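One structure below.
The values are calculated or read from the model by the stated rules, or taken from the named source; none is laboratory data. Keep in mind that this is a model prediction, so the values were computed, not measured. All Cβ positions, even for glycine, are placed from backbone atoms using ideal geometry, and neighbour counts span all protein chains on display.
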Amino acid sequence: MPQPHGLGLRARDYEFMLDLTMAVLEHDDPESLWHLVSAHLVDALGLNTVVFASIDLRLARGEARGWAPRSLGQGVNEVVQRRVRQRHPLVPYLASGAHHPVIVRELTDRWRQSAWYSEARRDFGTTQQLGIPLPGTDGPQGGLVLGRTGDFSERDLAFATRIQPLLTAADRHIRELRRLREAAAPPAVPTARPPLRRPDPTPRLTPRELTVLGLLTEGLTASGIARRLAISPHTVNRHLEKVYRKLGTNNRVSTVLTAKHAGIVP
């Protein structure tokens, strides 16, 4: 199926993409970033629901987090598990290795006669869904499922195609932030009284600078960091220049040593 590229997109669509990019890069809490992304998508496309699903196609099971636009809680996990067992049209679509965003009506002739449609309409007023795969991640396949009352247009599909690389990069950014936060967390030590707060002697790094620094610490080159985060090596070098300036260093070795000594990275 040919994919639209920029069909009917307006200036405000590109403004949305820029706003979302800045919101992701400036946000430092990986546990709430998908909620932030979903809130932007709800506003941009008039959605009823946004579900981020991670599906293990080999084991035929998945887990998910959803918003409408508030959190749907743990119940959305049960829904996704059921959808995997029911072979929702997006499941074999992902299993086929397809990476393009797709409107569910293009995958099945019996959407409106299905249990998937009936439950989505009953619970959220959703009458159509649009899937956005997030390719290039290791392990379970990630993707977004957007739902709303009324159909999705070809312009909506073009919009989804344009923002897919941004959402994929956001997914990688979130994964790296979460991994770095877990690696840097000190072991829990029982104490009789709260420890004294010490002033942080190092300048505050942005979440993106912290992500780049963490990968630098692992020995990745600028090109390797660029591939991991789906950005250009030039952008990586600009982030590194800012990190060097803030830490008062001028090369990767001294930067890594300074960051470790300051406790910024493990």
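Overview of values
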item: Output for segment 223-255, where each listed residue is over 28 Å from PRO165 (Cβ atoms) and buried (at least 19 other Cβ atoms within 10 Å of the Cβ); result: LEU247, THR255
item: For ASP13: the one exception among (1) in contact with a Phe, Trp or Tyr (Cβ under 7 Å, 6 or more places away or on another chain); (2) modelled with pLDDT of 80 or more; (3) within 29 Å of GLU182 (Cα to Cα); result: (3)
item: Yes/no for TRP111 being in contact with a Ser or Thr (Cβ under 6 Å, 6 or more places away or on another chain) and of a type in the set (Phe, Trp, Tyr); result: no
item: Flag if ARG87 is in the same structural domain as HIS35 (by TED's automatic domain parsing), exposed (fewer than 14 other Cβ atoms within 10 Å of the Cβ) and basic (Lys, Arg); result: yes
item: Condition check for GLY97: surrounded by fewer than 17 Cβ atoms within 10 Å (Cβ to Cβ), without any contact (Cβ under 8 Å) to a residue 60 or more places away in the chain and at positive phi; result: yes
item: Inter-residue pairs, beta-carbon under 6 Å, first in contact (Cβ under 8 Å) with a residue 24 or more places away in the chain and in segment 141-166, second among the aromatic types (Phe, Trp, Tyr), 6+ apart; result: LEU144/PHE52
item: Residues that are within 25 Å of LEU157 (Cα to Cα) and either of a type in the set (Lys, Arg) or crowded, with 18+ Cβ neighbours inside 10 Å (or both), drawn from segment 55-69; result: ILE55, GLY62, ALA64, ARG65, GLY66, TRP67, ALA68
item: Hits in segment 107-135 - residues which are part of a helix (DSSP H, G or I), crowded, with 16+ Cβ neighbours inside 10 Å and in contact with a helix residue (DSSP H, G or I) (Cβ under 8 Å, 6 or more places away or on another chain); result: TRP111, TRP116, TYR117
item: Residue, farthest from LEU177 (Cα to Cα), within segment 202-244, restricted to residues that are in a helix (DSSP H, G or I), of a type in the set (A, V, I, L, M, F, W, C) and free of Cβ contacts under 8 Å to residues at least 24 places away in the same chain; result: ALA222
item: Of all residues making up segment 88-106, the number that are out of contact with any strand residue (DSSP E or B) (no Cβ under 6 Å at 6 or more places or on another chain) and part of a loop (DSSP other than H, G, I, E, B); result: 6
item: Among (1) at pLDDT below 85; (2) under 20 Å from GLU26 (Cβ atoms); (3) in a helix (DSSP H, G or I), the one test that ALA169 misses; result: (1)
